[in-house]
Ligand code: C5P
């Protein structure tokens, strides 16, 4: 997807500038034509020679000393995407207010190409209201923000603010050029584990992190779909889709059923609780009164309800987290719930399913076909799930 694409790679002055070298290398390896643009701050952390050697063109560093008299407009016009990694708080603020005080900020303001901003800074700076507001405004303008991760920062500090991994950044840039084969479709994805209250402070929950659901929602967005994410997990920062936060199975059911009619594809990736306390205590249950007996009742089965009222042309996808007899359990679920596909994973395998960034699944269809994936990232799994769904939809037309 990146072959022959002209990418401007902006690098600003943070300790994470060294990781931009890896971003540059990966973009070039993927076939992109990369022009690095380093700010004066970046040059204090990394040398331009490194980028000169790796990239397709000499690194550019100034509005004034280049051969071309107006390098910012040349860059802005020829770029098919501009990615800034790392982006400092200064660059983000300059871009938000339209301040063009160096080559990179001038090129950002002059370009009509899609822009990807990958912030990296100390946690205190990342959390500052001004930085968050600037990013919100940029996201509203259509700029793609790749949020930083938790980890080691400059000076031995640990916290949120570490530049996203080069692999993630390059994937986001590649997504800009992904085929928009889901344009015109409304996709609803559920994510996370529901929480069923026992009393005002305690709940019955499960290990679902919501990562697979979010990966599915993001993949559908990058393929051009209109996406609604109904999530019992923490909502994503700077979401690129409609997000409906819920807590319990009953809330998730209400949110899904309200929207189901207008959806072309529904993917129930959430780990919906199967049981909930039959009675929820209005007050905190005091331990001094002895160990309580909590009676459970069944929750509504959202997927089965959707399966029994499926509208023509709608594709219904369920997930199955199993610890044994993966195939036969998933096949039984496919039938019982009236779904078109079941994506089954064996959560007893290390690195698969709950709380991991990776997964390995078998996708069973009601038509009797099956697709097995490698052990790979949840985003890659999402891609295979939608490839499978879209192939079946094309076949059924
Ligand atoms: O029956 P089981 O929980 O194993 O089925 C898993 C699939 O069914 C998942 O897609 C999950 O989102 C969905 N489900 C549901 N409502 C429930 C329980 C599970 O929609 N109450």
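The values are calculated or read from the model by the stated rules, or taken from the named source; none is laboratory data. Note that the structure is a prediction, hence the values are computed from the model and not measured. As a convention, Cβ positions derive from the backbone with ideal geometry for all residues, glycine included, and neighbour counts pool all protein chains shown.
Structure summary
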| read-out | value |
| --- | --- |
| Residue among 218, 208 that alone is buried (at least 18 other Cβ atoms within 10 Å of the Cβ) and assigned to a loop (DSSP other than H, G, I, E, B) | 208 |
| Residues that are touching a helix residue (DSSP H, G or I) at 6+ places or on another chain (Cβ under 9 Å) and closer than 15 Å to residue 239 by Cα, drawn from segment 191-211 | 191, 211 |
| Among (1) surrounded by 24 or more Cβ atoms within 10 Å (Cβ to Cβ); (2) within 11 Å of the ligand (Cβ to nearest atom); (3) without any contact (Cβ under 8 Å) to a residue 60 or more places away in the chain; (4) assigned to a helix (DSSP H, G or I) - the single one residue 250 does not satisfy | (1) |
| Meets criteria (assigned by TED's automatic domain parsing to the domain that holds residue 375, part of a strand (DSSP E or B), in contact with a helix residue (DSSP H, G or I) (Cβ under 6 Å, 6 or more places away or on another chain) and within 14 Å of the ligand (Cβ to nearest atom)) for residue 230 | yes |
| Which listed residue is near the ligand (Cβ under 10 Å from one of its atoms), outside any strand (DSSP E or B), within 30 Å of residue 366 (Cβ to Cβ) and modelled with pLDDT of 95 or more, from 303, 257 | 303 |
| Qualifying residue in segment 309-328 (condition: near the ligand (Cβ under 8 Å from one of its atoms), out of contact with any strand residue (DSSP E or B) (no Cβ under 7 Å at 6 or more places or on another chain) and assigned by TED's automatic domain parsing to the domain that holds residue 382) | no |
| Segment 260-301, residues that are touching a strand residue (DSSP E or B) at 6+ places or on another chain (Cβ under 8 Å) and surrounded by fewer than 16 Cβ atoms within 10 Å (Cβ to Cβ) | 262, 274, 275, 278, 280, 295, 296, 297, 298 |
| Residue match in segment 263-285 (condition: part of a helix (DSSP H, G or I) and either within 16 Å of the ligand (Cβ to nearest atom) or without any contact (Cβ under 8 Å) to a residue 40 or more places away in the chain (or both)) | no |
| Residue within segment 65-81 that is closer than 22 Å to residue 137 by Cα, touching a helix residue (DSSP H, G or I) at 6+ places or on another chain (Cβ under 9 Å) and buried (at least 19 other Cβ atoms within 10 Å of the Cβ) present | yes |
| Test: residue in segment 387-395 that is within 16 Å of the ligand (Cβ to nearest atom), surrounded by 19 or more Cβ atoms within 10 Å (Cβ to Cβ) and assigned by TED's automatic domain parsing to the domain that holds residue 221 | yes |
| Helices (runs of 4 or more DSSP H) fully within segment 1-64 counting 2 or more residues that are touching a residue at least 40 places away in the same chain (Cβ under 8 Å) | 17-29, 40-45 |
